[in-house]
1. I'm told Ile138 meets every condition in (1) outside any strand (DSSP E or B); (2) open to solvent by 60 Å² or more (accessible area, probe 1.4 Å) except one. Can you identify the failing condition by its number?
2. If a residue has to be under 18 Å from Ile50 (Cα atoms) and either among the aliphatic types (A, V, I, L, M) or not in a loop (DSSP other than H, G, I, E, B) (or both) to count, how many in the range 1-24 make the cut?
3. Any idea which residue in the range 153-169 is farthest from the chain's Cα centre (by Cα), counting only those that are surrounded by 14 or more Cβ atoms within 10 Å (Cβ to Cβ) and in a loop (DSSP other than H, G, I, E, B)?
4. Test Cys30 against the criterion of being part of a loop (DSSP other than H, G, I, E, B), modelled with pLDDT under 95 and either at negative phi or not small (Gly, Ala, Ser) (or both), and give yes or no.
5. Scan Thr185, Thr172 and give me the residue that is within 30 Å of Ala120 (Cα to Cα), in a strand (DSSP E or B) and at pLDDT 95 or above.
6. Just need a number here: residues in the range 75-121 that are open to solvent by less than 40 Å² (accessible area, probe 1.4 Å) and assigned to a strand (DSSP E or B).
7. When the residues of the range 64-74 are filtered to those that are of a type in the set (A, V, I, L, M, F, W, C) and open to solvent by 50 Å² or more (accessible area, probe 1.4 Å), which remaining residue is modelled with the lowest pLDDT?
Amino acid sequence: MCNNTHGSYICICNSGYIGDGFNCTDVDECLTSSPCHSNATCNNTDGSYICTCDTGYIGDGFHCTDVDECVISPQCHSNATCNNTDGSYICICQSGYTGDGFNCPDVDECVLSSPCNSNAMCNNTHGSYICICNSGYIGDGFNCTDVDECLTSSPCHSNATCNNTDGSYICTCDTGYIGDGFHCTDVDECVISPPCHSNATC
């Protein structure tokens with residue numbers, strides 16, 4: 001800029017330039033004064049500069065506010081939780097799932113940790129699992145107690161004895177009967193092996 005003076009003139013470099021007015025060099029404001037916000041990037045231009053908020057922030061470059069990506073456009077998997085951070089966000093797979101938060105496949109707890117009782121069956125479900133006591137046991141799948149079938153259901157024949165076992169039972173025909181314990185037939189001792197004296201009738 002030229003300013004006329006009494007009998008002469010003065011040349012003054014415009015704002016954004018430095019020099020004697022005859023030679024004016026661009027000032028890199030990004031190096032000298034750091035005019036932008038701490039979460040913005042400064043880009044020098046000819047005679048000026050531009051401040052642009054960094055990724056994850058919004059504003060005019062002089063004032064930059066954190067963007068809550070979890071509210072605006074969550075990128076996490078449907079089985080993950082989004083946690084906003086300063087300038088970014090973190091995706092964390094929910095319990096029962098594994099992965100990086102953007103891909104969260106189901107964890108098969110039945111294969112990994114065998115969480116159920118030794119007398120129970122583990123059934124994997126979507127994001128969890130279910131423990132079911134085996135036949136012959138009762139409980140919640142984590143604690144399974146033997147069922148004494150001999151006391152509860154009387155499964156044997158009326159001429160058999162019931163013996164409880166771990167998780168099951170055995171039916172044994174009483175003396176004088178033959179069969180599998182569920183069906184017991186009278187043994188005709190007189191036919192099989194006559195126990196009486198030769199001069200006696202069986």
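1. Going through the list (1) outside any strand (DSSP E or B); (2) open to solvent by 60 Å² or more (accessible area, probe 1.4 Å), Ile138 breaks only (1).
2. Residues flagged as under 18 Å from Ile50 (Cα atoms) and either among the aliphatic types (A, V, I, L, M) or not in a loop (DSSP other than H, G, I, E, B) (or both) within the range 1-24 amount to 1.
3. Among them, the one singled out is Asn159.
4. Considered against the rule, which asks whether it is part of a loop (DSSP other than H, G, I, E, B), modelled with pLDDT under 95 and either at negative phi or not small (Gly, Ala, Ser) (or both), Cys30 comes out as no.
5. Only one candidate passes the filter, namely Thr172.
6. Going through the range 75-121 one residue at a time, the tally reaches 6.
7. Ile72
Condition check ((1) under 28 Å from Asn163 (Cβ atoms); (2) at pLDDT below 95; (3) touching a Leu at 6+ places or on another chain (Cβ under 6 Å)) across all residues:
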site	(1), (2), (3)
Asp100	no, no, no
Cys110	no, yes, no
Thr125	no, yes, no
Ile132	yes, no, no
Tyr137	yes, no, no
Asp140	yes, no, no
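The values are calculated or read from the model by the stated rules, or taken from the named source; none is laboratory data. Everything numeric in this text was worked out from a predicted model, so none of it was measured. All Cβ positions, glycine included, derive from the backbone under ideal geometry; neighbour counts span all protein chains shown. Side chains included, ligands, DNA and RNA excluded: accessible areas come from the protein's heavy atoms. Shrake-Rupley method; radii C 1.70, N 1.55, O 1.52, S 1.80 Å.
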